Structure formats: structure tokens, C-alpha cells
Amino acid sequence: MLLRYWPESTKIKFMSLRMGGALLSLLMITASIYFLAMRGLNLGVDFAGGTVMEIQQTETVTVETVRAAMPFTAEVNSAVGTDARAIIVVKFGAADPSKLGDEFTTLKPEAQAERAQQVTNDIVKETLMEKLGLTDEDFLRDDSVGPKVSGELFRSGILALVVALALMLAYIWFRFEWQFSVGAVAALAHDVIITLGVFSLLQLEFNLTTIAALLTIIGYSMNDTVVVFDRVREERRKYKKMPDRQVIDQSLNMTLSRTLLTSGTTLLALFAIFFLGGPVLRGMSFALIWGIFIGTYSSIFIASSIVLSLGMDLNKKPAEDVTGFQGVR
């Protein structure tokens, strides 16, 4: 096995590379903020509102025929379903009220906003059934989300990320020291921002499954960071006179094989989902794959570097005078 060739102990001086790691992280964060500001996120139906239809592809029902039959502007693409069948994915938002009939235009603006998406969805479905001879069984998926619900989902998703970071901050502060808490949360924020930047750069669909992936990344990265911090604390208490830089380097090297084995086995499963799971799971699996790489990187070069910069107060309690037996002088 290849694992036999992995050295039993490594002596990599990670903290000597921390300035290079900090510069790389600064560049990635700056690029992520730029892409988020200029291109934004490709919000899915969950957050942007709209409808997603999946239609069984046949010899007569193709991307070209569906696109020609659409009564409104829509995004029409071919894809492979979870059961390996060829499908056509149609995405569209609410049409202009003037195109939804005279009866619809007489409604109040609030009622129009609430019903526009559903009315648009009904018109599209009826048109496709009439022009292409489709039946209800040919529509494999028909999901609609209104603007009000999509806005609530987006706010709830962002709130979930913020609450997760806050709870992680409190846990690490309670479990270790405040320096460790700052390092851990900075690493988590680093991972989330860069992951969002990658989604903006590649214009991958950002939906509820992506939020679930981000929360999983936070948990995975925190787990890796806690393992490193726990080893740092043990080594600090064992070697009280050893410099902090050497303690952290030694701890990182001691946990390196565990980190690589855990990440490697997890990546095997995620790559299988990414290539074989179909388009529905591709965005989530990509986020998890990227999150493992960036989470492992941040545990070493962000969290540990910040702890080194802030210093460790473990076992640095002031001496106290104790009355009673003083021992032999």
C-alpha cells in the first residue's frame, strides 16, 4: 500500500510559511469580494424566485423545439437526470403583468406580485402541452417559488451561516482560550468568503443545497481546527519552555497524516457524487470538495498562524503564596 511510504514523522516548518499563506489568502479574499461585487451570485430558484421545469427529452421534444414553443423568455438547456435519462431543464421568472391577460392587470399590485409566478407557470405549461403534445407525465419536475418566499429563504440561509459562526466562536472560547476562538472563526469566515467567491467566478447555481454545503464546510473545517488546537494545547503543556512557533509546527506535523487520510477518503466519496450524481447534486458536491481543500489549508495557515501571532496563555498562571506546609528548606 502507498501508505507504507508515508513517513512516520514529518518536520515541515509550517509557521515559516505563514506570511506566504497570509498573502495568498489576502489575494483570494480580495478576488472573491471583487467577483461578488461585480458579478454577484447566480441565485437559484430558491433565492431568486421563479420556476424550474424538467421535461422528458424525446426525438420530437428537444431543446430547440421547447425553446421555440416558449411563450416567454426562458433558459432552456439539456441535462442528465438522477436516473441517467436525458431531460430538458427550463428556468424562467414571472412574466410582465401586461402579458398575463386583461384579467390579471386589474388586480392590485400586491396580488399581482403574489400570483405572477404561478400564472406564468400555468401559461407556460399549457402552451408546451398544446404545441408539443405533452402530458402531465412528461413534466418530471415543476417547482415554483414566489419572490416573497425566495426572499425569506435567502435571509434564513444567511442567518444560519451567521449563527453557526457565532456558536463556533462561543464554543472554542469556552473549550480553549480567546486566542484560539479568534483564529478558528477567522479561518471559518475565510473559508466561506472564498467559497462564495468561487461560486461567483464560475457562476454556479447558489441555492439551499449550497447553504447546506457551506454549513457542512464550517463543521468540517472546525473539526479539523479543533483537532489541531487540541494537539497544540497538549504539546504546550508538555513542553512549557518550547517556543510557541515550534509547538505549533510540531502539533501540525503530528496531525498531518490524520488530516490527509480523513480528507482523502472524504474526497473519494465526493468526487463520485460530483461525476455520477447528476446536475442536482453537482453544485453541492463541488462546494464540499472545494471546502475540504480550503478548510484544511485554513486550519494550518490561518487559524494556527493567528494563534501564534496572539500568543498562548496556557499554563501561564501567576504564582500564589500558599499557607501551611512549605517543605524542607
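The values are calculated or read from the model by the stated rules, or taken from the named source; none is laboratory data. Computed from a predicted structure; not experimentally measured. Cβ: placed from backbone, ideal geometry, glycine included. Neighbour counts: every protein chain shown. Heads up: the accessible areas ignore ligands, DNA and RNA and are worked out on the full protein's heavy atoms, side chains in. Shrake-Rupley method; radii C 1.70, N 1.55, O 1.52, S 1.80 Å.
Nearest 20 debye, what's the magnitude of the dipole of the chain about its Cα centre given +1 on Lys and Arg Cβ and -1 on Asp and Glu Cβ? Before the final figure, lay out the partial values.
Details: 30 positive and 33 negative charges, 485 e Å.
Dipole size: approximately 2320 debye.
Suppose R0 equals 41 Å. What FRET efficiency, 1/(1 + (r/R0)^6) with r the Cβ-Cβ distance, do Leu310 and Asp143 give to the nearest 0.05? Computed FRET efficiency for Leu310 and Asp143: 0.30.
Stretching the chain fully between Leu26 and Gln56 yields a gain of 6.2 nm (0.36 nm per residue, less the alpha carbon separation). In a DSSP loop and with at most 14 other Cβ atoms within 10 Å, the chymotrypsin sites (Phe, Trp or Tyr not before Pro) in region 205-267 are Tyr239. Between the helical axis of 18-38 and the longest alpha-carbon principal axis of the chain there is an angle of about 20 degrees. For Arg67, the accessible surface of its heavy atoms amounts to roughly 120 Å² (probe 1.4 Å, protein chains only, rounded to the nearest 10).
Taking amide H atoms as placed 1.01 Å from N in the peptide plane, the amide H of Leu43 lies under 5 Å from those of Phe206, each 5 or more residues away in sequence or on another chain. For the chain, averaging the sequence separation of C-alpha pairs within contact (under 8 Å, six or more residues apart) and dividing by the residue count gives a relative contact order of 25 percent. Here the chain was treated as a single set of alpha-carbon atoms; its pair distances binned every 10 Å from 0 give 5, 20, 24, 19, 13, 10, 6, 2, 1, 1, 0 percent. Only helices enter the 222 nm calculation for the chain: every DSSP H run of n ≥ 4 contributes -39,500 (n - 2.57), and dividing by all residues gives -21000 deg cm²/dmol, rounded to 500.
Taking GluC sites (Glu not before Pro) as exposed when DSSP calls them loop and at most 12 other C-beta atoms lie within 10 angstrom, the chain has its longest site-free stretch at 60-319.
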